[in-house]
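The values are calculated or read from the model by the stated rules, or taken from the named source; none is laboratory data. All values reported here derive from a predicted model rather than from experimental measurement. In this analysis, Cβ positions are derived from the backbone assuming ideal geometry, glycine residues included, and neighbour counts consider all displayed protein chains. Only protein heavy atoms, including side chains, enter the accessible area calculation; ligands, DNA and RNA are left aside. Shrake-Rupley method; radii C 1.70, N 1.55, O 1.52, S 1.80 Å.
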Amino acid sequence: MKKKINKKNIKNLWSGRFEESPSETMLRINSSISFDKTLYEQDISASKVHATMLSNQSIITKEELKKILNGLTKIEKEIKENKMQFSDKLEDIHTHIESRLIELIGALGKKLHTARSRNDQVATDTKIWLREQNKLIDKYLKKLQLSLIEKAEANIFTYMPGFTHLQVAQPTTLAHHLLAYVNMFGRDRANNKSLIERHNYSPLGSAALAGTSFNINRDETSNNLGFKAPMSNSIDAVSDRDFILDALNLCCSIAIHLSRLSEEIILWSSPGFNFINLPDTFSTGSSIMPQKKNPDAAELIRGKSGRVIGNYVTLFNVMKALPLAYSKDMQEDKEPLFDSIKTTKDTINVMSEMIKEITFNTDKMLEICNKGHINATDIADALVADLGVPFRDAHMITGKLVALADKKKIQIHELNIKDFKKVDKRISKNIVNKITLEASVKNRDSYGGTSPENIKKEIIFSKEKWCND
Ligand code: ARG
């Protein structure tokens, strides 16, 4: 049974100086309860900490505190059990909880709002919520990194064509390619961690904007809510949404990393590439073409990056010209934030599950490693190393070899020694014989390069850096 809202109490909490109630349309656009009810737990814990501080400072009595805390616990249970009826008339989660407290414990409930405002309340609640979400994002990114590392570990010797401009460039390995994404998501995790560190300061106690004349203890509330310290400027504290903008930015970065990987999955699963088999669990069929298996999960992740970037742009636009301190425009911060965080969590999780289930057509990848004159750079490098030819000249000579191979409709490594000699007589059989796919991959052992020896070390390092905490 939903708790009936007592109509008498639906007078707005601020209605003292008003003769008329808000219009229906005003009520609708003013109300944020449909989305900010997400913050109910944070609002209740911040209220409990605030009330405890009021009692410790002798602003309310211990007896009063007890009743307030009990009332708040009861409200939390009601909301959790879906028993609270929400109404646009009560605007937001803060007013709903306060009104219900007054219903439950009477006039005493009106004391809870001493020395605070919804302005510091909403900033505090949102920060606490975001802090919890950040932890989840870190956990999910870690899982994704682990899926990628495990796939990499199984594919240290899986040759794969490396691309630039989506043209075959140089041979590489699947492990090396996947580890690139491990690093990208690693930067996201570092960004996520520093975001929490930079913003973990409490707005609570800043009240409307200028602080309060009550003898409050902001250190106590900050400590008890897990912040490092109270924010030092009350005007900044109620106007600041940088923590949300930074979170939206982080979501964009994660989203584009996921989207790039999705794009590769989409390409790799098309017949042109045929590098991978999509798991049934992350694909869909067509209602008309019986043969189709579409990479919908990857397409959705790629598509959803659009809305995450849109959310970022939305809030930057909302904030760009707001005078200090609080303005109601700032209520527009929550929908983009909630949406981006939810989308980010979902897409990370879909990607880590999908990565685990994708299987690679290593034969097909190897086949493409024998196309596009993939060994051309190795030939140029060999001319430098073995004949002492300056690299620019070696590049020119190899370019001529490529042109000759093209004319003969073969690959550069399929030219015979006579062809090589025709272009430059210094080239010996010895040099030509050294040009193999295996050697090409093995010899690129510069730090960060594709050689299996490097990649083995990189896997150990990545596991230690990203998966051990
Ligand atoms: N629902 C409001 C928001 O999300 C809470 C703060 C309202 N403050 C005010 N002065 N009207 O921003």
Failed criterion for Ala255 (all others in (1) of a type in the set (Gly, Ala, Ser); (2) within 15 Å of the chain's Cα centre (by Cα); (3) open to solvent by 30 Å² or more (accessible area, probe 1.4 Å) hold) = (3)
Considering Leu13, Leu39, Leu27, which residue is at pLDDT 95 or above, within 16 Å of the ligand (Cβ to nearest atom), of a type outside the set (Ser, Thr, Tyr) and under 19 Å from Lys328 (Cβ atoms)?
-> Leu39
Out of curiosity, is Leu130 part of a helix (DSSP H, G or I), open to solvent by less than 30 Å² (accessible area, probe 1.4 Å), within 16 Å of the ligand (Cβ to nearest atom) and not aromatic (Phe, Trp, Tyr)?
-> yes
Would you pick out the residues in the stretch 67-98 that are among the polar types (S, T, N, Q) and within 36 Å of the chain's Cα centre (by Cα)?
-> Thr73, Asn82, Gln85, Ser87, Thr95
Give me a count of the residues in the stretch 71-94 that are part of a helix (DSSP H, G or I), away from the ligand (no atom under 16 Å from the Cβ) and surrounded by fewer than 22 Cβ atoms within 10 Å (Cβ to Cβ).
-> 7
Within the stretch 330-381, restricting to residues that are among the basic types (Lys, Arg) and in a helix (DSSP H, G or I), the one that is least open to solvent (accessible area, probe 1.4 Å) is Lys334
Exception for Tyr312 within (1) within 16 Å of the ligand (Cβ to nearest atom); (2) assigned to a helix (DSSP H, G or I) falls at (1)
Which of (1) under 25 Å from Leu195 (Cα atoms); (2) open to solvent by less than 20 Å² (accessible area, probe 1.4 Å); (3) within 13 Å of the ligand (Cβ to nearest atom) is the odd one out, the single condition Ile97 does not satisfy?
-> (1)
When you look at Asn56, is it in contact (Cβ under 8 Å) with a residue 40 or more places away in the chain and open to solvent by 80 Å² or more (accessible area, probe 1.4 Å), yes or no?
-> yes
Select from the stretch 100-125 the residues that are within 11 Å of the ligand (Cβ to nearest atom) and surrounded by fewer than 24 Cβ atoms within 10 Å (Cβ to Cβ) and write down the one among them that is nearest to Ile196 (Cα to Cα).
-> Asn119
